[in-house]
1. Let me know the Kirkwood hydrodynamic radius for the chain, please, with Cα pairs as the basis and the value in Å to one decimal.
2. Amide H neighbours of LYS75 under 5 Å, at least 5 residues apart or on other chains, H built in the peptide plane: list them.
3. Per residue of the range 96-104, what does 6.51 cos²θ - 1.76 cosθ + 1.60 with θ = phi - 60° give for ³J(HN,Hα)? Whole Hz please, x for Gly and Pro, Karplus curve as stated.
4. Just for the range 15-103, what percent of DSSP beta bridges are antiparallel, to the closest 5?
5. Name the residue from ILE35, MET24, ASN77 whose Cα lies farthest towards the positive end of the charge dipole of the chain, charges +1 on Cβ of Lys and Arg and -1 on Cβ of Asp and Glu.
6. Going Cα to Cα from LYS53, which lysines come in below 21 Å? Please leave out same-chain ones fewer than 8 positions away.
7. Using Cα pairs closer than 8 Å and at least 6 residues apart in sequence, work out the relative contact order for the chain, in percent.
8. Less than 13 Å apart at the alpha-carbon level, and either on another chain or at least 8 residues along: which aspartates and glutamates does that give for LYS94?
Amino acid sequence: MTFLFSVIGFASSWKIVPNKEVCMVNETHFARPQIAVPVGGKTYYGCCENCKKTLSENQSARTAKDALTGKTVDKANAVIAANPAGNVLYFENKKNFEQFVKRR
């Protein structure tokens, strides 16, 4: 839990970012679009060919835990927030993100 708090820092520094700017394998926000990886009618994003392969072949790489509720969410449908360092958190919806910010 200590690691989570050190990564989270101040909740007010987290902003919702476009999913296409996130490497969903390295969990990093970039200031440019990433490689689109279509899987099962959904689009995921990776920063390189290895990440593209991981997203294509590994179902667990396509899911994350909602940072507020702990519920498993599909990264293609998630609301993604990033801090200034480029760390990302996933949320089931915008309401969960807003509650997360209010609680921190």
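1. Numbers: mean 1/r = 0.0730 Å⁻¹.
Radius from the Kirkwood sum: 13.7 Å.
2. Amide H to amide H, under 5 Å and 5 or more residues apart or across chains, LYS75 pairs with THR63, ALA64.
3. 5, 4, 4, 5, 4, 4, 5, 7, 9
4. Working: 18 of 19 bridges.
About 95 percent, rounded to the nearest 5.
5. It is ASN77, whose Cα lies furthest towards the positive end.
6. Filter leaves LYS20, LYS42, LYS75.
7. Working: 185 pairs, mean separation 28.5, N = 104.
Across the chain, relative contact order equals 27 percent.
8. Cross-link targets: ASP66.
Only the coordinates and a few stated rules stand behind these numbers; no lab work does. These numbers were taken from a predicted model, which means no experiment stands behind them. Every residue, glycine among them, receives a Cβ derived from its backbone with ideal geometry; neighbour counts consider all protein chains shown.
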